[in-house]
Amino acid sequence: MYMETVAGRLMVALDYPDARSAESLLDELKGIPCYMKVGMELFYAAGPAFIERLKRDGYKVFLDLKMHDIPNTVRGGARSITGMGVDMFNVHAAGGVKMMEAALSGVKDAQQAGTAQSDPIVIAVTQLTSTDQTVLNEEIGIAGTVEEAVLRYARIAQTAGLHGVVASPLEVRLIKEACGEPFITVTPGIRPAGADSHDQSRVLTPGEAIRQGSDYIVVGRPITKASSPRQAAEAILLEMARAGTIHDPKPCT
Ligand code: C5P
């Protein structure tokens, strides 16, 4: 039972080019009740049918499309997403408060129209975990530290009424202090000790991320590219369980 609670806090990033490749990972992980994260690579190839397939198998699904557009378009996107029955989706905080509010309006639209298949958790991307100080200041042109940018984004996401944010596990403490314990933190940039960090700049191990207070940890390549994805996932779950308290920020529907 405890492992089930822990598994519900592990989001496996299904970063695959098509449904067939994602299916082999699902076979490998069969029986582990983790969250499945579908990002743009898989969704643009396999579409809503793959979301339906995951839901049929009882998985919780985080649709990670990071919407960032004018409020009206985001509202429409959120309405369509809510019709697919995902449990969580996200928008970029950089789109501003009105845009984030529009995402919540889209959810309500679907619920009022009777097309909703879920009551999704809506979260905002703060700063991508691949962004470091130089990229932030010199390329994107945002002054200040990464932490300051992340906190500003988290605060405006909360102002807009969103349930939480995606951030590096290194920023979880600051976010919880600023926005309160129930404000959900979803943290990619997770690397077990000794693993390749790939293009992620701000990383922690699964155990450290849980100890920082992460509500959900997102793991892609350390599982999907492992010689045994199942063993890799089980080792991560064990590390999460050993790290102690798993927060329960919002009863999941
Ligand atoms: O393979 P890896 O563990 O680095 O995968 C991390 C996943 O989390 C990817 O699917 C990536 O798109 C996603 N993500 C991220 N940083 C964010 C938001 C999402 O790495 N800020």
Can you confirm whether the stretch 185-197 contains a residue that is buried (at least 17 other Cβ atoms within 10 Å of the Cβ) and part of a helix (DSSP H, G or I)?
no
Going residue by residue through the stretch 68-85, is there one that turns out to be in contact (Cβ under 8 Å) with a residue 24 or more places away in the chain, within 14 Å of the ligand (Cβ to nearest atom) and more than 25 Å from residue 212 (Cβ to Cβ)?
yes
So which residues in the stretch 203-227 are of a type outside the set (S, T, N, Q), under 29 Å from residue 26 (Cβ atoms), more than 9 Å from the ligand (Cβ to nearest atom) and in a loop (DSSP other than H, G, I, E, B)?
215, 226
Would you check if residue 54 is open to solvent by less than 30 Å² (accessible area, probe 1.4 Å) and more than 20 Å from residue 85 (Cβ to Cβ)?
no
Against the condition in a helix (DSSP H, G or I) and within 13 Å of the ligand (Cβ to nearest atom), how does residue 165 come out, does it pass?
no
Flag if residue 100 is assigned to a helix (DSSP H, G or I) and either buried (at least 22 other Cβ atoms within 10 Å of the Cβ) or touching a residue at least 24 places away in the same chain (Cβ under 8 Å) (or both):
yes
Per the filter on the stretch 103-143, residues within 20 Å of residue 165 (Cα to Cα) and part of a loop (DSSP other than H, G, I, E, B) are 118, 119, 120, 126, 127, 128, 129, 130, 131, 132, 142
Being out of contact with any Asp or Glu (no Cβ under 7 Å at 6 or more places or on another chain), within 16 Å of the ligand (Cβ to nearest atom) and open to solvent by 50 Å² or more (accessible area, probe 1.4 Å): is that true of residue 170 here?
yes
Return the pairs, sorted by first residue and then second, in which the second residue is open to solvent by 30 Å² or more (accessible area, probe 1.4 Å) and not in a helix (DSSP H, G or I), the first residue lies in the stretch 125-153 and is more than 26 Å from residue 103 (Cβ to Cβ) and within 13 Å of the ligand (Cβ to nearest atom), the beta carbons are less than 9 Å apart, and the residues are 6+ apart or on different chains.
132/201
Out of the stretch 173-202, which residues are more than 10 Å from the ligand (Cβ to nearest atom), within 23 Å of residue 234 (Cα to Cα) and in contact with a Gly (Cβ under 8 Å, 6 or more places away or on another chain)?
185
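The values are calculated or read from the model by the stated rules, or taken from the named source; none is laboratory data. Please read these numbers as outputs of a predicted model, since none were measured by experiment. Glycine gets a Cβ as well: all are built from the backbone with ideal geometry, and neighbour counts include every protein chain shown. Side chains included, ligands, DNA and RNA excluded: accessible areas come from the protein's heavy atoms. Shrake-Rupley method; radii C 1.70, N 1.55, O 1.52, S 1.80 Å.
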